[in-house]
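Here the structure comes first, spelled out in structure tokens, and everything after it is commentary.
The values are calculated or read from the model by the stated rules, or taken from the named source; none is laboratory data. On a predicted model such as this, the values are computed, not experimentally measured, just so you know. Heads up, the Cβs are rebuilt from the backbone with ideal geometry, glycines too, and the neighbour counts pull from every protein chain shown. The accessibility values were calculated without ligands, DNA or RNA, using every heavy atom of the protein model including side chains. Shrake-Rupley method; radii C 1.70, N 1.55, O 1.52, S 1.80 Å.
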Amino acid sequence: MELTTALTLEIGQLHLPVVTSYQLGCIIFKLYQTKVYQGEKLTRLQKDVPERFEYTRAVETLIGNGVLKNSKDVSSHQLFTVLGQDTAAAEDIACCVDPFCYVSHMSAMEYHGLTDRLPKMLFLTTPPPPEWGRLAAQRMQKDLGDALERYSEASLPALRKLKMTKIHRKTINLHSTVNCDAGAYLSVQGRRVSTIGRTFLDMIREPDLCGGIYHVLEIYAEYANRYLRLIVDVIDRHGSKIDKVRAGYILNERLGLSNPTIESWLEFAQRGGSRKLQANAPYSSQFSEKWCLSLNIDEAEEA
């Protein structure tokens, strides 16, 4: 079997809309190492490690055969669209480009059916650069094992963060947080989306990325009772003190919902403080005595 044939078959087995230069590098490297694909010997492979020009030649052959084409979504020839995958959703492409990101905020609200708004942007959450680099190093170690040093010495493509600004004419709104653990999202056929509970927590933390505070209050009013257990569990385990106070006010004082966990958040209410429901809005004299929170929203506008 020819190397190009094995590459074509393996790319098809990935069932991905796009592949990165790193993914291609790993596939080519492993084929050189084993010299066998699906029980068939690969012809004309003498080396155990491909040189960079051999990697480049293999990719160019795939492009020439129409198996791959350079993606318009990420420059620098580090992302390739797979044959027949031109119509893949922007969310799926983004999750391939950044293996540590997930769909969040307004885009997650749309996915979960929490909003009837159609966001013009694609909202994503990803780790900050230092954490992203650490995760990438771990992923390469997992993918390549003891052969990682040989792979790196051959100057084959490393797992790097690729810049995404727009996919399918949809602008990318990238939010960075250290809280990108696996429990923050669910994965459905390769698309990672923040869980229901994390999405409600994000509404509290970054309402401006979720349609604004008034839309957030509407969503809580309509859906909080249905998803109360999931919301309370995530906020209790992952929310900060102010997250719990804001959520407690909305769930308990505004919506009349209560359970022992919500009541326990009252210990984080600070009398004499200057906490606000909206972090970026001016302080208001309208106040929640129970939750010690400035209610700096315009109730008339909400109505």
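Leaving out ligands, DNA and RNA, and with a 1.4 Å probe, what % of the accessible surface on the range 224-303 is carbon or sulfur?
About 46 percent, which is the carbon plus sulfur part of the accessible surface.
Where both residues lie in the chain, what percent of DSSP beta bridges are antiparallel, nearest 5?
70
Would you mind working out the accessible area per residue for the chain, using a 1.4 Å probe, and quoting it in Å²?
Per residue, the chain has 50 Å² of solvent-accessible surface.
Report the net charge of residues surrounding Phe200, where surrounding means a beta-carbon distance below 15 angstrom and charges are Lys +1, Arg +1, Asp -1, Glu -1.
It works out to a net charge of 0.
Under a Cβ-Cβ cut-off of 11 Å, what is the net charge of the residues other than Asp98 that fall near it, where Lys and Arg count +1 and Asp and Glu count -1?
Once all neighbours under 11 Å are counted, the net charge is +4.
Provide the three semi-axes, in whole Å and in decreasing order, of the ellipsoid equivalent to the range 165-221 as defined by the square roots of 5 times the Cα gyration tensor eigenvalues.
After diagonalising the Cα gyration tensor, the semi-axes are 20, 17, 11 Å.
Return the subset of Lys142/Lys170; Lys166/Lys241; Lys72/Lys161; Lys241/Lys290; Lys41/Lys72 for which the Cα-Cα distance in this structure is over 25 Å, preserving the input order.
Lys142/Lys170; Lys166/Lys241; Lys41/Lys72
Check Ile167: other-chain or 5+ apart residues with amide H under 5 Å from its amide H, H built from backbone geometry?
Ile172
Compute the distance from the alpha-carbon center of the range 233-291 to that of the range 103-147, in whole Å.
What the calculation gives is 28 Å, centre to centre.
Taking amide H positions as placed 1.01 Å from N in the peptide plane, with prolines and chain starts having none, which residues 5 or more places from Thr177, or on another chain, fall under 5 Å of its amide H?
So Thr177 has HN proximity to Thr126.
Taking the chain as a Gaussian network, Cα atoms linked when under 10 Å apart, which of Arg237, Arg52, Arg191 shows the biggest mean-square fluctuation?
Arg237
Run the simple label-point estimate for Ala89 and Asp48 please: 7 Å along Cα→C-beta, distance reported in nm.
Using points 7 Å along Cα→Cβ, the separation is 4.4 nm.
Cβ under 14 Å from Arg191's Cβ, Arg191 left aside: what net charge do those residues give with Lys, Arg +1 and Asp, Glu -1?
-3
Sort Lys47, Lys69, Lys142, Lys170 from largest to smallest accessible area, using a 1.4 Å probe on the heavy atoms of the protein chains.
Of Lys47, Lys69, Lys142, Lys170, the descending order of accessible area is Lys142, Lys69, Lys47, Lys170.
For Cα extents along the principal axes in Å, which listed value, (i) 73, 50, 39; (ii) 78, 36, 31; (iii) 55, 42, 38, comes from the coordinates shown?
Derived directly from the coordinates: (ii).
Around Lys69, which amide H atoms from residues at least 5 apart in sequence, or from another chain, sit under 5 Å from its own amide H, with H modelled in the peptide plane?
Answer set, sorted by chain and number: Thr81.
From the P(r) of the range 81-210, can you give the percent of Cα pairs sitting at distances over 18 Å?
Looking at the range 81-210, the distances longer than 18 Å represent 57 percent of pairs.
From the backbone phi of the range 244-261, what are the Karplus-calculated ³J(HN,Hα) couplings (6.51 cos²θ - 1.76 cosθ + 1.60, θ = phi - 60°) in whole Hz, Gly and Pro given as x?
Rounded to whole hertz, the list is 5, 5, 5, 5, x, 4, 5, 5, 8, 6, 7, 9, x, 9, 7, 7, x, 5.
Classify the range 163-303 from the C-alpha gyration tensor, please: rounded if a/c falls under 1.5, else prolate or oblate depending on whether a/b exceeds b/c.
Prolate shape, in that a/c is at least 1.5 and a/b is the bigger ratio.
State, in angstrom, two size descriptors of the range 125-180 derived from its alpha carbons: Rg to one decimal place and Dmax to the nearest whole number.
14.1, 41
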